[in-house]
Amino acid sequence: MDDHPVVREGIIQLLSRDKNLHVCGEAGNAYEGFEGIGKVLPDIAIINLSMPGKNGLELIRDIRCAYPQVYNLVFSMHDEMIYAERALKAGARGYLMKTEGGEKLIEAIYKIAKGEIAVSPKVSNLIISNISTKTQKTVNNPTQLLSNREFEIFQLIGKGHGIRQISEQLHISIKTVESYRSSIKEKLKIKSTEELVHYAVSWCQAEFLGMK
């Protein structure tokens, strides 16, 4: 599942070279992907976190609940040090950045097929560190304090979305968005909405440039 046809085509060509792997479908958005999974029930679904429609983390949770036999592998451009742990908590069995080569993707698929978790050594060490020292992740990255929904809204704020836009995109009330915004400010120890917007925009810009 990826919203870029070129990426999907590349993955299909890559996997087709391995006689043990069979591509049973593809999708350009979350809704098509979820519907397709219900029809073909693949062993593994390769998912990009950023797609039209539903948030990638929410999609992973939905797949895990509806089709627990289907393993999810995230293949994304987003920084693994920020998103991998969230994806695993949502139900993914692996996380691979698109900057990795095709061999790494094949390797991750085989690991997941054997029932293992497929993440980089950096992510593995981060998770172990967070388990042994729960406060460490909050010091290094305060956004880890946010729930997945709060994090999603935080990102939308950083992308310049207003309250009404967020409400319409996530299909929740304006009052609910305001409640989440208040919770975000409290968790990040931010006093004003203006300060939150500035922080969110700066964070998103840094994440886009690979500085996070």
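The values are calculated or read from the model by the stated rules, or taken from the named source; none is laboratory data. Owing to the predicted nature of the structure, the values given are computational and were not obtained by experimental measurement. In this analysis, Cβ positions are derived from the backbone assuming ideal geometry, glycine residues included, and neighbour counts consider all displayed protein chains.
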Handout entry: Residue check for Glu107: outside any strand (DSSP E or B), closer than 29 Å to Asn141 by Cβ, of a type outside the set (A, V, I, L, M, F, W, C) and modelled with pLDDT of 95 or more
Key = yes
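Please work out which residue is modelled with the lowest pLDDT, limiting yourself to segment 112-135 and to residues that are over 16 Å from Ala84 (Cα atoms) and not in a loop (DSSP other than H, G, I, E, B).
Taking segment 112-135 first, the residues over 16 Å from Ala84 (Cα atoms) are 113-115, 132-135.
Checking which are not in a loop (DSSP other than H, G, I, E, B) leaves us with 113, 132.
Numbers: Ala113: 95, Ser132: 59.
The residue in question is Ser132.
Within segment 1-27, which residues are in contact with a helix residue (DSSP H, G or I) (Cβ under 7 Å, 6 or more places away or on another chain) and part of a loop (DSSP other than H, G, I, E, B)? First the steps, then the outcome.
Filtering segment 1-27 down to residues in contact with a helix residue (DSSP H, G or I) (Cβ under 7 Å, 6 or more places away or on another chain) leaves 1-2, 14, 18, 21, 23-27.
The answer is Met1, Asp2, Asp18, Leu21, Val23, Cys24, Gly25, Glu26, Ala27.
Quick one: in segment 140-173, of everything that is touching a Cys at 6+ places or on another chain (Cβ under 7 Å) and part of a helix (DSSP H, G or I), which residue is farthest from Glu194 (Cα to Cα)?
Filtering segment 140-173 down to residues touching a Cys at 6+ places or on another chain (Cβ under 7 Å) leaves 155, 158-159.
Checking the rest, the ones that are also part of a helix (DSSP H, G or I) come to 155, 158.
Values: Gln155: 15, Gly158: 11 Å.
That would be Gln155.
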Exercise for the section: Please give the number of the condition Ser16 fails out of (1) among the hydroxyl-bearing types (Ser, Thr, Tyr); (2) over 25 Å from Thr99 (Cβ atoms); (3) exposed (fewer than 14 other Cβ atoms within 10 Å of the Cβ). Expected result: (2)
